[in-house]
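First comes the structure, then the notes that go with it.
None of the figures in this text is laboratory data; all of them are computed from the coordinates on show. Computed from a prediction, not measured in an experiment: that's the story for all the values here. Note: ideal-geometry Cβ built from the backbone for every residue, glycine included; neighbour counts use all protein chains shown.
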Amino acid sequence: MESCPSVKNIILLDSEGQRVAVKYYSDDWPTNSAKEAFEKSIFTKTQKTNARTEAEIAMFENHIVVYKFVQDLHFFVTGAEDENELILATVLQGFFDSVDLLLRGTVDKKEALENLDLILLCLDEIVDGGIILETDANVIVGKVASHSIDSGAPLSEQTISQALATAREHLTRSLLK
Amino acid sequence: MAQPLVKKDDDRDDEADYSPFLGIEKGAVLQEARVFNDPQLDPRRCSQVITKLLYLLNQGETFTKVEATEVFFSVTKLFQSRDIGLRRMVYVMIKELSPSADEVIIVTSSLMKDMTSKTDMYRANAIRVLCRITDGTLLTQIERYLKQAIVDKNPVVASAALVSGIHLLQTNPEIVKRWSNEVQEAVQSRAALVQFHALALLHQIRQNDRLAVNKLVTSLTRGSVRSPLAQCLLIRYTSQVIRESANNTQTGDRPFYDFLEGCLRHKAEMVIFEAARAITELNGVTSRELTPAITVLQLFLSSSKPVLRFAAVRTLNKVAMTHPMAVTNCNIDMESLISDQNRSIATLAITTLLKTGNESSVDRLMKQITNFMSDIADEFKIVVVEAIRSLCLKFPLKHRSLMNFLSNILREEGGFEYKKAIVDSIVILIRDIPEAKESGLLHLCEFIEDCEFTYLSTQILHFLGIEGPKTSDPSKYIRYIYNRVHLENATVRAGAVSTLAKFGAMVDALKPRIFVLLRRCLFDNDDEVRDRATLYLNTLGGDGAVVETGEDVKEFLFGSLDIPLVNLENSLKNYELSEESFDIDSVPKEVKTQPLAEKKAPGKKPTGLSAPPTGPPSTVDAYERLLSSIPEFANFGKLFKSSAPVELTEAETEYAVNVVKHIFDGHVVFQFNCTNTIPEQLLENVTVIVDASEAEEFAEVATKPLRSLPYDSPGQTFVAFEKPEGVPAVGKFSNMLRFIVKEVDPSTGEAEEDGVEDEYQLEDLEVVAADYMLKVGVSNFRNAWESMGADCERVDEYGLGPRDSLAEAVNAVINLLGMQPCEGTEVVPSNSRSHTCLLSGVYIGNVKVLVRLQFGIDGPKDVAMKLAVRSEDEAVSDAIHEIVASG
């Protein structure tokens, strides 16, 4: 218990339990089949629960899993059995809100796959090797989105509008908070 | 394949299954990766290809060594591009590929350039990537930059360096430890997460220095920590300090308790919860200390957030095990959670209520649970069943309603594990609550009338055979049992035949009727059933006149098979191949090691029907092989027992030594396992000088020195003693590690020519009576006890004086004797005033020993014990008493 709070994995699945993006930080699941088995088990056991308004929580094989669903996407964050549940929930919320901001409110599987690069960068910014890097969605998005503006290369029409849109979205959301 | 991956807002009416990765294939993507080599880089195209590669990896696809190397080399070309987005993807890709050491060199210079760049994002990410893929040698080159980065004014850069430091501490502690000044500075950072990361790293650097941790906690608990995460860390460190200082300050207030209590008023929920949990886990927490923590947890119980409710109810559930009274205030909130949407929360609430409930509330609670049981999953039901079992053991008077509840749920639909949990619970209740016996047996009888699980049917039939004949009216069970012979599959029919025979053997009045039934079984269409019926008819004398059932027949029917089933299976496998006839006496009786199974279930609950004698987690085989390979010890005969390793040094000292005591009939061998933890030293000619002046019966006969002990590779040295044959001699030995130490040049790894002789004091070791006792369990203690007979029984009473608790006294005696507790009797239910503990073992000379301990506690915690020993040799029974009398 003297250890640093840590995250064992972050999992994003679709409504059939297929992977959209996953990231494992612990060796509890050494092989890909072990990972898939874990994903299948958490997916089937949480499938019927209503985790759309508030994050839900459950225990699986001595792990704490917090999860939240939106549209056809299922977000999961796993931690050790004795981890502070609220810390895991904070990580989940950070991931969930970041994705929401990055996909500009239309959060579904199609958008997520089309912007998989952003989702992967987002995962990279939330947790590093199990240690929580950042949980504030605005900061995470700031780090991820700033990269889509090219500094050296010529700016295309699309990147400008995209950048502006993200910025506008960003601003309204922080005002509405 | 070159679908642009950018967002398209206007064409949302595509078919639902559309995916940009539809039909993606590894070979094609690897081909596409050739664009990385173009002289004119197209950053967007390259980003897309990297995304595809990452997608493949994410889906579980693997690259061969060649493919990975090829991708890695082409990705490194992308450092030429100045596109930030692309660079960001390159960083992620390199981390995913985890290149080998010779490949790392290729990117090192690029990453080092980025590390000193003006762009914060480059600096932060280059640090993370480089630290992830680098090995120790490179680290010294970049150490200067990392130290700067830790105190960088950009929080992202500082965090990147600190988090990398936490990871590197595992592999290169000596380098990271040099950064503590910078880390200390970063702890004061204004950026919340920098403070969190710095605190985590600083604590890990100092975690073995108790004083430094104490100082860190003292200064920070006074100041203001900004980040909630850092505050949680501080709470964890504080409870560590409290735990470690508890021994020194017995009197007065607990240090730092005020800080923890203050955290209960923090604005972040995660901090409040962390503090509340820390308080509930304090050693010997008083109810006054608990109250404020329980109050905030109670508030969480009615939160709208499931995570918060779960966290609170889970913590309160744990508190209820030790302080049920403290939790009773929350009972009303807890009862409303029984209908919680989240079934984990509901189950935790139920089991908490079952722990805190008093005798009068049991009935009301059971009514609520009945409604709840129908709509939860089996795994939760099992938890509830176990909670009800312990409740019933706590309030035996309530056995009627609880037993009814169990039998009702037994009739409902459910999977095997669930049914097994219920049956196990009923069996335990029958065993522990005599009044519940008859009704429990009838419930089980009704259950097997309609039971789809062969395993459970046969187990229950077996149990009926043992318990049924001892009831007031054994005849009423016969019908249920004989019905099985008509209606079930062959396995159950065979089980039923054996059970009938047991009734016949025990109840003479029923014998003629049993014979009639058994004779009918002779026409069964299954071999095993017919064989059993014939066998039992013969042993019980069913052919001729009704005779008294002899003792040997009872032994045959009820005696336990004292051979481990694994050994029997192996012997039978060999027998199938051989020509010789099978001899059951040739099967070895030693319990083989069960390597993994032991670790997984520490302190497992008694398992009712199937409580097999699990052997001690010994590595006897390995030791035996090791010792017999040493010529000096080869003539010592058969190894009787090897103890668990006993540490002779404290953790974190220069040399780590532990000892394993090997007991032979006429000898004792000490095996010293030594580890050298100093990289700059090589030890040679290592011996342990054992002084046996306080162990009169022992005489040193041989030593086997360890020629060389390099850094971090454990080695063994042995010392052998002679002792009187077959006598459990005890004694105390003092030990000195003697060796020649040589300096090692860390850069070359070569040792100097000349060494210096040196000594190192080790702790004393003792050979105690328990060393002569093997932990060997029996599956059915009562049978074993009765079949052992009272010929060599010795009974006496002892006063154990004041003890902290009954459980502590029971454990002390178990440890003193070194025997195997049977049937889960080592577990003492809390608050009980008396307890019976059953032990079994094999004493030196291969004498089987059974012990029945009865404990009682009275007012001022005075524990009295009645010790009854049965063994095959009265001298041994006396010896056991001597152990207790002198211990």
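Loop-only GluC sites (Glu not before Pro) in the range B:634-680, please: DSSP not H, G, I, E or B, and at most 16 other Cβ atoms within 10 Å.
Numbers: sites: B:Glu647, B:Glu650, B:Glu652, B:Glu654, B:Glu680; in loops: B:Glu650, B:Glu652, B:Glu654, B:Glu680.
Hits after loop and neighbour filter: B:Glu650, B:Glu652, B:Glu654, B:Glu680.
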Exercise for the section: Any chance you could give the angle, 0 to 90 degrees and rounded to 10, that helix B:228-245 forms with the longest Cα principal axis of chain B? Expected result: 50
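Which value in deg cm²/dmol, rounded to the nearest 500, describes the helix-derived mean residue ellipticity at 222 nm for the protein assembly as shown, given -39,500 (n - 2.57) per DSSP H run of n ≥ 4 and division by the residue count?
Values: 43 runs with 530 residues, N = 1064.
-15500 deg cm²/dmol, from helical runs alone.
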Completion exercise
Taking a straight Cα-to-Cα line shorter than 29 Å from B:Lys118, and setting aside same-chain lysines fewer than 8 residues away, one finds A:Lys143, B:Lys77, B:Lys95, B:Lys147, B:Lys153, B:Lys177
Problem - Folded to 0 to 90 degrees: helix B:155-171 orientation relative to chain B principal axis, Cα - result: 50
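How long are the semi-axes of the equivalent ellipsoid of the protein assembly as shown, defined as square roots of 5 times the Cα gyration tensor eigenvalues? Whole Å, largest first.
Values: eigenvalues 679, 320, 191 Å².
Calculated on Cα positions only, the semi-axes equal 58, 40, 31 Å.
Counting other Cβ atoms within 10 Å of each Cβ, which GluC sites (Glu not before Pro) in the range B:39-79 have at most 14 and sit in a DSSP loop?
Values: sites: B:Glu61, B:Glu67, B:Glu70; in loops: B:Glu61.
Sparse-neighbourhood loop GluC sites (Glu not before Pro): B:Glu61.
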Problem - Residue among B:Cys792, B:Asn685, B:Gly755 farthest towards the positive dipole end of the protein assembly as shown, charges placed on Cβ - result: B:Cys792
Handout entry: Distance between modelled label sites at B:Asp450 and A:Leu171, nm, 7 Å Cα→Cβ extension
Key = 7.1
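Please compute, for peptide A:106-116, the average count of beta-carbon atoms on other protein chains lying within 10 Å of each residue's beta-carbon.
Values: counts 3, 0, 2, 4, 9, 4, 1, 8, 10, 5, 10.
Average per residue, whole number: 5.
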Handout entry: Whole-percent pair-distance distribution, where bins are 10 Å wide, for the alpha carbons of chain B
Key = 2, 9, 13, 16, 19, 18, 13, 7, 3, 0, 0
Completion exercise
So the angle from the long Cα axis of helix B:437-449 to the longest Cα principal axis of chain B, reported in degrees to the nearest 10, equals 70
Practice task
Multiply the residue gap between B:Arg82 and B:Ala885 by 0.36 nm, knock off their C-alpha separation, and tell me the result in nm, one decimal place.
Solution key: 280.8 nm
Problem - Average Cα contact separation per residue, chain B, under 8 Å, 6 or more apart, as relative contact order % - result: 4
Handout entry: Projected label distance in nm at B:Asn208 and B:Asp527, using a 7 Å step from Cα toward the beta-carbon
Key = 6.4
Completion exercise
Between A:Lys48 and B:Asn154, the two model label points (7 Å from Cα along the beta-carbon direction) sit apart by a distance in nm of 5.1
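Only sites in a loop by DSSP and with at most 12 other Cβ atoms within 10 Å count here; which trypsin sites (Lys or Arg not before Pro) in the range B:249-355 make the cut? Could the numbers behind the result be given before it?
Working: sites: B:Arg265, B:Lys267, B:Arg277, B:Arg288, B:Arg309, B:Arg314, B:Lys318, B:Arg343, B:Lys355; in loops: B:Arg265, B:Lys267.
Sites meeting the loop and neighbour criteria: B:Arg265, B:Lys267.
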